[in-house]
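Each reported figure results from applying straightforward, stated rules to the coordinates on display, with no laboratory input. It should be emphasised that the depicted structure is a prediction, and the values quoted were computed from it without experimental measurement. Cβ placement follows ideal geometry from the backbone for every residue including glycine, while neighbour counts extend to all protein chains displayed.
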Amino acid sequence: MKLKPIILLVHAMGVVVATLVTLWVLEKRLYLEKRLRQSSPFCIKFGKTLVGDVGLGEVVARENWVGNFYHVVSKYDVIP
């Protein structure tokens with residue numbers, strides 16, 4: 001069975017939801033990894049919306065999930 005990619009492309013407040021969904025899928029993937037092959041999610045975020053705190057950043061780094069996120073910010077973005 002060919003794996004299909006999971007790609008989330010979001011802007012503004014959608015960043016929060018997509019980030020949490022990506023983290024949820026990554027966490028579930030850890031649990032299911034031994035029993036089921038699963039595609040890894042990739043979240044492309046546009047805008048200045050930040051999610052979480054230092055603790056969340058540490059978990060993302062520790063679990064090596066940093067490569068599952070790409071954050072694009074423009075100084076001309078109208079949504080802070």
| request: Could I have the simple spin-label model distance between residue 40 and residue 16, label points 7 Å from Cα toward Cβ, reported in nm to one decimal? | output: 2.8 nm
| task | Could you work out how far apart the two model spin labels at residue 76 and residue 58 are, taking each label as a point 7 Å from the Cα in the direction of the beta carbon, and quote it in nm? | result | 4.0 nm
| message | Between 0 and 90 degrees, rounded to the nearest ten: what's the tilt of helix 14-32 against the longest Cα principal axis of the chain? | response | 20 degrees
